[in-house]
Amino acid sequence: MPYLIRRLLQMAFVLWAVATIVFLMFRLMPGDPSAAFIDPTFTVEQQQAVRAQFGLDRPLPQQYLIYLGNLLHGEFGLSFRQRQPVLGMVLEVLPNTLLLTLTALLIAYAFGTLLGALMAWKRGGRFEAISVPLVLTTRAAPEFWVGMVMLAIFAFGLGWLPSGGANVAGAQYASEWDRILSLDYLRHLALPALTLAIYLQGLPALLMRSSMLEVMREEFVTMARMKGLPERTIMLRHAARNALLPLVTAFALGFGQSVGGNVVVENVFSWPGLGRLLAEAIANSDYPLAQCAFLLIALVLVLMNFLADLLYGLLDPRVAHGRG
Amino acid sequence: MTATTLSRRALLASSALSLLPALTPRLAMAATPGDKIRKLTLLSAAQASDPQEFQAAQLIAQSWRQLGLDVDVRGLPRPQLSDVVWNNRTKWDMTMWRMVGRPERSDPDEFTFNLYNPATIETGYNFIAYNNPDFQKIAQAQRAETDREARRKLLYEAQDVINRDQPYLFLVYPKNVLAYDQSVWKPESVVEQSGIGIRCFWTFLRAEPAGAKRDMICNAAESMIAINPLYISGAIDSWVTELVWDRLMRVGPDGLPQPWAAEKVTQVDPTTIDVVLRAGQKWHDGKPVTVEDVVFSFEAPATSDKSPMYKPFVGNIASVKATDDRTVRFVLKTPSAAFTTSTLAKINLVPKHVWAPILKGLEGKPENAETVQEEQPVGSGPFKVARFKLNEEIVLEANPDYWEKPKMDRWILRIITNTGAALGMLPRGELNFLTDYRGDPKLLTDMAKQNPNISVVATTDMGFRFVAPNERRQPFDDARFRRALSLAINRQLMAAAAWNGFATPANSFVSPALPYWSKPGINDLKADMSEAKKLLEEAGYVVVRGKLHYPEGVKETLDAS
């Protein structure tokens with residue numbers, strides 16, 4: 001299957017490019033990278049030892065080769081700050097981020113799709129006049145601000161939901177699964193997931209709206225009307241189903257993007273995820289950790305992109321043919 | 001520029017400094033001014049990362065402009081600021097800087113000996129290149145003086161020298177503001193350690209539950225780095241390590257060291273100290289704490305090279321030996337007054353049966369003990385590690401076998417990255433002890449006014465903020481110029497405006513948080529613009545058309561940058 005092979009090669013190239021950019025980005029930032037893990041009280045010998053330990057005393061091209069070699073062996077190095085293998089640190093928090101993203105996307109797409117379909121169906125009415133600007137506003141509002149408002153209302157005001165973390169203090173579970181499936185975890189997940197969903201719903205809503213508007217002009221809708229089917233049936237059974245296609249891609253891509261874009265929400269709600277880890281890594285010039293997090297995000301993004309392409313081909317055979 | 005030329009320059013600068021007083025009166029007589037002083041740049045942390053420091057820098061620049069100086073404030077991100085100041089030591093004029101409080105700094109030796117030490121001009125603490133042999137003589141003498149009264153006299157003298165020379169322009173001792181829920185913790189059982197505050201070993205050991213809640217729930221604004229007794233990894237980590245691993249001595253609430261896991265500490269002669277171990281202590285795995293463990297704890301950092309950060313703290317030990325099954329004798333290379341605080345109250349006691357095999361396994365490898373994270377840490381302190389996720393939560397349990405059992409059941413540290421959220425969590429009981437607060441202190445006191453259960457405690461820090469003038473560059477090599485600049489600064493205003501009142505004016509490297517060592521009255525330096533101008537005039541500086549010029553014959557050697 002030449003198409004599949006070509007796509008896989010493309011993916012490999014993209015990942016290599018990302019790895020290279022990530023490598024250079026961190027070396028070219030202002031400030032001495034070693035400042036983060038060399039205490040000023042170290043003797044010169046100690047400082048040199050630390051530099052040697054992390055390969056920072058070699059010239060840049062050599063550092064690059066060491067780096068690529070390590071990546072190919074699945075070695076992402078030791079965290080400058082925690083001195084532990086970064087891969088383990090990233091994998092520890094990854095489930096939290098994936099769950100947060102998935103929950104938020106499901107809420108956002110379920111709600112956004114419905115809202116979009118309604119906006120298209122009620123084209124020109126008061127509903128559309130109110131909802132379109134509202135959707136745009138929520139999409140444009142800073143996540144940080146939305147998060148703080150959610151905290152102020154649901155946590156500090158009404159006291160319904162906890163205000164940070166992934167569990168109540170000191171909670172103990174028999175296994176990771178027990179923890180993730182507990183009501184406690186779900187309650188902690190609610191506010192960050194809702195905040196993220198408020199931000200994410202704009203895209204599916206607007207996409208669905210324009211897609212619906214297109215479909216509504218198609219002959220089969222007119223046909224359904226002529227047959228005398230009720231409006232609701234036409235909207236849900238016929239028009240909406242056909243308008244869903246572009247949303248599949250958007251969902252897959254949104255998932256990839258969101259995994260990397262959760263930095264703000266995870267910090268507002270102290271959610272122990274990849275975004276928070278990444279933010280801390282950057283603040284502390286913890287290069288190996290930030291590199292690993294970036295690469296993982298890139299990997300998820302590229303994989304989701306690939307998956308979207310495949311899904312698209314399955315759902316609409318014309319697309320696959322078109323590629324030859 | 002090579003390191004040697006750099007130090008030669010520093011020496012030249014200092015010798016020029018000692019000549020100046022003899023020369024200047026004659027210069028002041030003559031009316032012809034020297035070159036105009038270039039535009040001076042005051043570096044500071046960026047406004048976003050440290051609004052208080054940045055605002056203080058602005059206030060300082062304003063008052064110096066009144067002296068006829070052109071002053072620019074330049075805010076930089078912290079890593080970049082550190083890079084410039086530490087690694088490019090000839091390239092800057094002045095910087096805002098800070099020294100932070102740590103329990104071992106309860107002894108004034110570290111600041112006294114290190115900050116102005118000529119040996120650290122090139123790569124260490126003395127980044128301003130202050131070089132005064134008289135001061136260094138006193139600094140050397142105080143660390144060898146084991147008579148406390150006599151040592152205090154020396155430290156008063158040292159503070160006087162620094163006050164006269166103004167190598168740093170001290171600004172304020174900030175106050176740390178923390179809070180707790182007094183419906184959960186009895187206020188009389190919460191201990192305020194001098195210079196450290198209520199977030200201290202003594203509170204965690206002795207805080208008594210007021211009601212049914214027996215878990216202390218604390219917060220930290222960033223992830224922990226490690227739980228490792230041989231690695232000085234970070235401030236937050238040290239809260240945990242000092243609860244899990246015990247120490248022979250502890251710095252008490254009064255800031256003075258007291259025997260702890262040691263029953264008795266005796267100074268036999270200036271270089272010999274006998275320590276008698278408290279009987280019946282146990283490691284968290286049930287094995288007894290022995291004198292061999294104690295010897296190992298002090299020998300491991302010194303001999304193995306695998307605990308580089310602790311190595312300096314045991315560097316003065318010539319030998320450490322068990323003399324019977326409860327006594328350990330330390331012999332020092334040179335007499336050291338600070339030994340009890342900076343070594344006996346600093347080094348964690350670690351079990352030999354756990355760490356000897358680990359260190360052996362590391363032999364010949366590039367990694368050291370700092371990369372080791374035990375799955376189940378074993379100490380002999382008042383708390384045991386129940387479980388931990390460094391990025392999320394650390395749970396400690398009271399050690400029932402400890403000779404002073406903690407009053408609480410568990411000590412829980414949550415990583416809460418959002419300061420605003422942490423503030424909101426306190427009255428809701430999601431936290432009951434705010435151990436890390438980096439926001440505006442006023443928000444916290446306002447919140448406490450609405451919640452009578454919340455008690456706020458502000459503690460003057462051992463650390464301080466200051467302007468560091470680069471004495472490698474003129475005009476900062478002139479002590480009278482520095483003193484004039486210092487007199488122009490209104491510290492009262494600064495503490496009130498930039499720090500919202502949560503700071504005390506400073507003029508010494510010994511904080512009033514160390515009442516025994518701080519010289520009374522030293523911090524009463526009042527802002528006096530006319531005195532500052534008079535001082536400059538006496539030193540020969542001349543104001544021409546509103547701009548300050550060097551004394552006659554002095555050329556500006558640096559480009560304005």
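The values are calculated or read from the model by the stated rules, or taken from the named source; none is laboratory data. Model, not experiment: these values are computed from the prediction. Note: ideal-geometry Cβ built from the backbone for every residue, glycine included; neighbour counts use all protein chains shown. These area figures cover heavy atoms from the full protein model, side chains too; ligands, DNA and RNA do not enter into them. Shrake-Rupley method; radii C 1.70, N 1.55, O 1.52, S 1.80 Å.
In this structure chain B gives 38 Å² per residue of accessible area when probed at 1.4 Å with all protein chains present.
Of all aspartates and glutamates in the structure, those lying under 13 Å Cα to Cα from B:LYS389, and not within fewer than 8 positions of it along the same chain, are A:GLU92, A:GLU176, B:GLU222, B:ASP237, B:GLU374, B:GLU375.
The contact residues of the stretch A:170-193, meaning those that lose at least 40 Å² of 1.4 Å-probe accessible area when all protein chains sit together rather than their chain alone, are A:GLY170. By how many degrees, between 0 and 90 and to the nearest 10, does the Cα long axis of helix B:419-428 differ from the longest principal axis of chain B? For helix B:419-428, the angle is close to 40 degrees.
Summed over both chains, the area buried between A and B is near 3500 Å², taken from the accessible surface of protein heavy atoms with a 1.4 Å probe.
The largest-to-smallest principal axis extents of the Cα set in the protein assembly as shown are 108, 77, 60 Å. In chain B, helices alone account for a calculated mean residue ellipticity at 222 nm of -9500 deg cm²/dmol, with every DSSP H run of four or more residues adding -39,500 (n - 2.57). For chain A, the spherically averaged projection of the C-alpha convex hull amounts to 22.7 nm².
When shorter helices are ignored and each DSSP H run of at least 4 residues is given -39500 (n - 2.57), the per-residue value for chain A at 222 nm works out to -22500 deg cm²/dmol.
Report in % the part of the accessible area of the protein assembly as shown that belongs to carbon and sulfur, leaving out ligands and nucleic acids; probe 1.4 Å. It would help to have the intermediate numbers written out before the result.
Working: 22430 of 37780 Å².
Ligands and nucleic acids excluded, carbon and sulfur give 59 percent.
Of the residues B:ILE60, B:ALA398, B:VAL295, the one whose Cα sits farthest towards the positive end of the charge dipole of chain B is B:ILE60 (charges of +1 on Lys and Arg Cβ, -1 on Asp and Glu Cβ, taken about the Cα centre). Placing +1 on the Cβ of each Lys and Arg and -1 on the Cβ of each Asp and Glu in the protein assembly as shown, which of B:LEU40, A:PRO133, B:PHE466 has its Cα farthest towards the positive end of the resulting dipole? It is A:PRO133. Counting only other chain Cβ atoms within 10 Å of each residue's Cβ, the peptide B:93-102 averages 0.
For the stretch B:284-364, state which GluC sites (Glu not before Pro) are in a DSSP loop and have at most 11 other beta carbons lying within 10 Å of their beta carbon.
Working: sites: B:GLU292, B:GLU299, B:GLU363; in loops: B:GLU363.
Within the stretch B:284-364, the qualifying GluC sites (Glu not before Pro) (loop, at most 11 other Cβ atoms within 10 Å) are B:GLU363.
Measuring between alpha carbons in the structure, the pairs from B:LYS311/B:LYS346; B:LYS213/B:LYS449; B:LYS175/B:LYS442; B:LYS321/B:LYS405; B:LYS175/B:LYS311 lying more than 20 angstrom apart are B:LYS213/B:LYS449; B:LYS321/B:LYS405; B:LYS175/B:LYS311. For the stretch A:237-277, a decrease in accessible area of 50 Å² or greater in the assembled protein chains relative to the isolated chain, with a 1.4 Å probe, applies to A:SER270, A:ARG276. Between the stretch B:382-434 and the stretch A:88-152, how far is it from one alpha carbon centroid to the other, in angstrom? Their Cα centres are 35 Å away from one another.
Coupling constants for the stretch B:87-94 follow from the phi torsions by the Karplus curve (6.51 cos²θ - 1.76 cosθ + 1.60, θ = phi - 60°), and in residue order they are 9, 10, 6, 9, 9, 9, 8, 8 Hz; glycine and proline get x. Helix B:235-244 versus the longest principal axis of chain B: what angle, 0 to 90°, nearest 10, using Cα atoms? Value to nearest ten degrees: 30.
Given Cα pairs under 8 Å that are at least 6 residues apart, what percent is the relative contact order of chain A?
On the way: 352 pairs, mean separation 83.1, N = 324.
Across chain A, relative contact order equals 26 percent.
Which whole-number percentage describes the relative contact order of chain B, with Cα contacts under 8 Å and a sequence gap of 6 or more?
Numbers: 1141 pairs, mean separation 147.0, N = 561.
Answer for chain B is 26 percent.
Scanning chain A for trypsin sites (Lys or Arg not before Pro) that sit in a DSSP loop and have at most 16 other Cβ atoms within 10 Å, the longest stretch containing none of them is A:1-121. Overall, the protein assembly as shown carries a charge dipole of about 1860 debye about its Cα centre when +1 sits on the Cβ of Lys and Arg and -1 on the Cβ of Asp and Glu, all other atoms neutral. Remark: mean inter-chain Cβ contacts per residue of B:411-418 equal 6, using a 10 Å Cβ-Cβ cutoff to other protein chain atoms.
Tell me, what is the FRET efficiency for B:ARG545 and B:ALA497 to the nearest 0.05, using R0 = 35 angstrom and their Cβ-Cβ distance as r? Between B:ARG545 and B:ALA497 the formula returns 0.70. Under the combined filter of DSSP loop state and at most 15 neighbouring Cβ atoms within 10 Å, the stretch B:502-561 retains these trypsin sites (Lys or Arg not before Pro): B:LYS526, B:ARG545, B:LYS555. Relative to the longest principal axis of the Cα atoms of chain A, helix A:126-140 runs at roughly 10 degrees. Rolling a 1.4 Å probe across the protein heavy atoms gives the stretch A:90-323 an accessible surface of 47 Å² per residue.
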